[in-house]
Amino acid sequence: MRVSDTGAGIASEDREHIFDPFFKTKAQGKAAGPIHLLLTDVIMPQMTGRELTERVKPLRPKMKVLFMSGYAADVITSRGLLTSGEWYIAKPFSVDSLLAKVREVLSHPGFEPAS
């Protein structure tokens, strides 16, 4: 998978902020492309994937979440960082494995794990 963007169409004053967490150029509820899936690591330097999810979910309540980690699922579950029933993919994973898991999560109708 490869993603790129030239930044064309983004105002020059906004370009320096595009990777800031929660930066947006549109008013609340006016986003051009709704987020359907959040793919996040379980353990990150500034916050956990759980904390990120709790910050984003109010903005996108129907968004599904797929957690990833290099730690075994039972280790992160025992530490309370992942709960039973949440979507998870172990690292390292191949592009094919990731795509299959993303399809699985997005195609699962109405399933929203407890947060």
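Please state which one of Val95, Val75, Val105 is surrounded by fewer than 16 Cβ atoms within 10 Å (Cβ to Cβ), farther than 30 Å from Asp14 by Cα, at pLDDT 90 or above and among the hydrophobic types (A, V, I, L, M, F, W, C). None of the other options fit; the residue is Val95.
Checked against the criterion of being assigned to a loop (DSSP other than H, G, I, E, B) and of a type in the set (Ser, Thr, Tyr), the candidates Thr77, Thr83, Thr53 yield just one match: Thr83.
With respect to (1) within 12 Å of the chain's Cα centre (by Cα); (2) surrounded by 14 or more Cβ atoms within 10 Å (Cβ to Cβ), the lone exception for Glu51 is condition (2).
Could you give me the residue pairs with C-beta distances under 7 Å whose first residue belongs to segment 16-28 and is farther than 17 Å from Lys57 by Cα, whose second residue is part of a loop (DSSP other than H, G, I, E, B) and at pLDDT 70 or above wherever it lies, and which are 6+ apart or on separate chains? Hits for this filter: His17/Phe23; Ile18/Ile10.
Filtering Gln46, Gln28 for residues that are more than 23 Å from His108 (Cβ to Cβ), at pLDDT 90 or above and either assigned to a loop (DSSP other than H, G, I, E, B) or over 15 Å from the mean Cα position of the chain (by Cα) (or both) leaves a single hit, Gln46.
The values are calculated or read from the model by the stated rules, or taken from the named source; none is laboratory data. Computed from a predicted structure; not experimentally measured. Every residue, glycine among them, receives a Cβ derived from its backbone with ideal geometry; neighbour counts consider all protein chains shown.
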